[in-house]
Amino acid sequence: MTISLEAKAVLDEIGKVVVGRTRTLRLAFAAVLAGGHVLLEDVPGLGKTLIARSLAQALSLDFRRLQCTPDLLPADVTGSFLYDPGSREFEFHQGPVFAGLLLADEINRTPPKTQSALLEAMQERQVTVEGRTFPLPRPFHVLATSNPVEYEGTYPLPEAQLDRFLVRLDIGYPPPEEEVEVLRRRLARQREEAEVAPVLAPGRLAELQAELEQTTVDDDLLRYCVDLAVSTRNHSSVEVGASPRGAQGLVLVARALATLDDRGYVTPEDVKECAVAVLAHRLVMKPETWTSGVNGVQVVTELLGKVPGPPSS
């Protein structure tokens, strides 16, 4: 079975419990295939947690959920050394970050000090506690959910942490017919929990991620990704544009999207499909434009219409 067929099976299985959200699920899965982390940002009650849990179940990943609260400490994320009276030694007890997929639920409800505890884990796939380094499982992914910062009791994520998320996705309210289908499915299953059957065998995701490296990207597409990132740095509304990590993110997610479509090569449409999700959250807007309502999504959307790309074949 090709990667694209396995991917379709994963998305179809998740679609049994997550109604609609095709674009969100596709980009989230592409980001995981590319080895990255996903930030789901929108108002409460739109299914962000359900998407994260369903993706973990379909991919057969060890799943842990961390409910972020204002009193959460860094040790509650990474783990800590506890004294064992039997051995008379301090032993390390792993925190919830030691998982195949960590759901950091409402990550912006916990203070920046605790948010930063995830930085090393997300970038280096390891945690350091009291001078000792502990490797995390492979693969390791963070799916974080976030409420809009203007909601009471939330803390904006530091730019350094936002940059660690390969994509940021919104959910949006469903159309009325989809919302009716959500209610219909809830009544049909006669329980609150919605279960997703495993689709990939344990360890298969790591194999798919390795196979993804065989997808080719032409030099002109690499240049297009760089041009998009550079154009964000020169935009009049942007204080700090996308870093080279942003350009790399474009290449990685576009390559995953090509693989999902059963192609061994990337097209300009793959880059355009993921550009907003990859770049928008990496931009720091100028104060005067931020207060006027201009945001990263609008800037990237505008640049997609201005920056010339290679012709589609």
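The values are calculated or read from the model by the stated rules, or taken from the named source; none is laboratory data. Here the structure is a predicted model, which is why all the values come from computation and not from measurement. We place every Cβ from the backbone using ideal geometry, glycine too, and count neighbours over all the protein chains shown. Just the protein is used for accessible areas: all its heavy atoms, side chains included, with ligands, DNA and RNA removed. Shrake-Rupley method; radii C 1.70, N 1.55, O 1.52, S 1.80 Å.
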Complete set of residues in the stretch 231-254 that are over 16 Å from the mean Cα position of the chain (by Cα) and among the charged types (D, E, K, R): Arg233, Glu239
Can you tell me which residue among Tyr173, Tyr224 is in contact with a Pro (Cβ under 7 Å, 6 or more places away or on another chain), more than 17 Å from Leu143 (Cβ to Cβ) and not charged (D, E, K, R)? Tyr224
Note on the stretch 287-311: residues touching a Ser or Thr at 6+ places or on another chain (Cβ under 6 Å) and either at pLDDT below 90 or among the small types (Gly, Ala, Ser) (or both) are Thr289, Val294
For the stretch 23-74, the count of residues that are in a loop (DSSP other than H, G, I, E, B) and not charged (D, E, K, R) equals 17
Inside the stretch 290-309, the number of residues satisfying the requirement of being open to solvent by 20 Å² or more (accessible area, probe 1.4 Å) and more than 25 Å from Leu25 (Cβ to Cβ) is 11
Picked from the stretch 35-46 (must be modelled with pLDDT of 80 or more and over 20 Å from Leu136 (Cα atoms)), the residue surrounded by the fewest Cβ atoms within 10 Å (Cβ to Cβ) is Glu41
Test result for Pro74, surrounded by fewer than 17 Cβ atoms within 10 Å (Cβ to Cβ) and outside the structural domain of Ala280 (by the TED database): no
Just for the stretch 80-100: of the residues that are under 11 Å from Leu136 (Cα atoms) and of a type in the set (A, V, I, L, M, F, W, C), which one is farthest from the chain's Cα centre (by Cα)? Phe98
For the stretch 78-89, does any single residue satisfy the condition of being open to solvent by 50 Å² or more (accessible area, probe 1.4 Å) and in contact (Cβ under 8 Å) with a residue 40 or more places away in the chain? no
Quick check on this structure: which one of Leu66, Leu101, Leu61, Leu55 is touching a Pro at 6+ places or on another chain (Cβ under 6 Å) and surrounded by 13 or more Cβ atoms within 10 Å (Cβ to Cβ)? Leu66
Evaluate the following for Glu6: is it within 16 Å of the chain's Cα centre (by Cα), surrounded by 14 or more Cβ atoms within 10 Å (Cβ to Cβ) and of a type in the set (D, E, K, R)? no
Here the residues within the stretch 239-266 that are over 17 Å from Val167 (Cα atoms), of a type outside the set (Lys, Arg) and open to solvent by 20 Å² or more (accessible area, probe 1.4 Å) are Glu239, Val240, Asp261, Asp262, Gly264, Tyr265
Name the residues in the stretch 180-209 that are free of Cβ contacts under 8 Å to residues at least 24 places away in the same chain and either within 22 Å of Gly47 (Cβ to Cβ) or in the same structural domain as Leu11 (by the TED database) (or both), would you? Val180, Leu183, Arg184, Arg186, Leu187, Ala188, Arg189, Gln190, Arg191, Glu192, Glu193
